[in-house]
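All remarks here apply to the structure that follows.
The values are calculated or read from the model by the stated rules, or taken from the named source; none is laboratory data. Here the structure is a predicted model, which means the values were calculated and not measured. All accessible areas refer to the heavy atoms of the entire protein, side chains included, with ligands and DNA or RNA removed. Shrake-Rupley method; radii C 1.70, N 1.55, O 1.52, S 1.80 Å.
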Amino acid sequence: MREKVALQALKASDWHLEGSFDYFYSQPQVSVTNSRHLEDLYSRYKERDADMIMVEGTSQFCNDLLVDPQDIVMLVISWHMKAATMCEFTRQEFIDGLQSIGVDSIEKLREKLPSLRAEIKDDHKFREIYNFAFAWAREKGQKSLPLETAIGMWRLLFAERHWPLIDHWCQFLQVRHNKAISRDTWSQLLEFVKTIDPELSNYDEEGAWPYLIDEFVEYLTENGCVQRNK
């Protein structure tokens with residue numbers, strides 16, 4: 001099958017190798033998953049009395065993968081599955097997600113873990129995963145994230161991106177804010193991290209940052225965490 005697809009790509013590009021790569025990657029990729037295997041895998045983890053994978057099944061899923069449930073790779077897998085809620089998967093989320101990853105067994109998924117974990121290092125994917133994480137970690141029916149949940153998610157995400165101010169941010173929230181986190185604050189923090197250097201040398205007090213981020217900058221300055229040149 002792979003040889004046939006490669007031959008089609010070469011022919012379509014008039015036998016130019018570089019063009020054949022462009023053609024190949026522009027085509028829908030051939031699925032390498034077996035639907036029966038995926039159904040069996042889903043059945044292994046779903047609740048006995050409900051068509052859903054819940055906390056117990058998710059825990060077993062993690063055990064089989066040999067990963068901690070709090071490993072960031074589980075967030076990446078949940079993002080691929082478009083899961084609506086942490087530690088829960090519908091049949092469609094689970095099966096479609098594994099198909100999108102291109103695996104149909106625990107062994108194959110385990111082999112993919114290093115590449116899935118590495119997706120966090122890609123700026124575009126990190127932004128998508130970061131934005132996905134807000135709704136995924138939210139309690140059902142709530143618009144905001146509980147503060148402790150948000151702090152846990154930020155520590156998980158920024159541990160991979162090495163933002164030097166993450167400890168100060170979490171401490172500031174616990175000392176000064178102590179409230180749930182809105183989606184706007186969640187989104188704007190990523191912009192702050194991506195655009196403002198850790199010494200705040202390019203921070204503009206007249207910029208359109210949310211009030212909470214302005215307060216954070218004041219907190220950093222007041223506590224001598226950074227030295228800003230006025």
Entries in LYS82/LYS140; LYS112/LYS194; LYS125/LYS194 that, when Cα-Cα distance is taken, lie over 18 Å
LYS112/LYS194
Sorted list, accessible surface of protein heavy atoms, 1.4 Å probe, largest first, for LYS121, LYS194 is LYS121, LYS194
Distance between the range 145-183 and the range 116-142 - C-alpha centres, whole angstrom
15
What Kirkwood radius, in Å to one decimal, follows from the Cα pairs of the range 144-196?
11.2
Inverting the mean 1/r over all pairs of different Cα atoms, compute the Kirkwood radius of the range 37-122 and quote it in Å.
12.7
